[in-house]
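Participant: Okay, here's the structure, questions in a sec.
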Amino acid sequence: MFDVYELRDKMEYFDDAVNLFWSQWGYQSNFKYYHDCMLHSCNTESESFGLL
């Protein structure tokens, strides 16, 4: 069984989450991009995630 949480509620896993996403879809020169995107996503008040 899996538990699903918003990353902003479990910031102790932030570095692990960034590394997981980056290792799957990133490349050597864009780690900072993934880090910044995820950090700003955790700090937003919006809950829409751009979905209709």
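The values are calculated or read from the model by the stated rules, or taken from the named source; none is laboratory data. Because the structure is predicted, anything quoted here is derived from the model rather than measured. So basically every Cβ, Gly included, is an ideal-geometry build from the backbone, and we count neighbours across all protein chains shown. We work out accessible area using only protein heavy atoms, side chains counted, and drop any ligands, DNA or RNA first. Shrake-Rupley method; radii C 1.70, N 1.55, O 1.52, S 1.80 Å.
Participant: Using a 1.4 Å probe, how large is the accessible area of V4, given in Å² and rounded to the nearest 10?
Facilitator: Using a 1.4 Å probe on the heavy atoms, I get roughly 140 Å².
Participant: Which order do F2, F14 take when ranked by solvent-accessible area (1.4 Å probe, heavy atoms of all protein chains), largest first?
Facilitator: F2, F14
Participant: Just to be sure I understand, if you calculate mean projected area of the Cα convex hull in nm² for this structure, which of (i) 4.7; (ii) 5.2; (iii) 3.1 do you get?
Facilitator: Of the labelled values, this structure produces (i).
Participant: With every protein chain kept in the model, how would you rank E6, E12, E45 by accessible area, 1.4 Å probe, largest at the top?
Facilitator: If we order E6, E12, E45 from most to least accessible, we get E45, E12, E6.
Participant: Given the whole protein assembly as supplied and a 1.4 Å probe, what does the accessible area of H35 come to in Å², nearest 10?
Facilitator: Per-residue accessible area (H35): approximately 50 Å².
Participant: What does the charge add up to near F31, with Lys and Arg as +1, Asp and Glu as -1, over the other residues with Cβ less than 15 Å from its Cβ?
Facilitator: -2
Participant: Need one number: nm distance between label points at Q28 and M1, each 7 Å from Cα along Cα→Cβ, rounded to one decimal.
Facilitator: Calculated label separation equals 4.4 nm.
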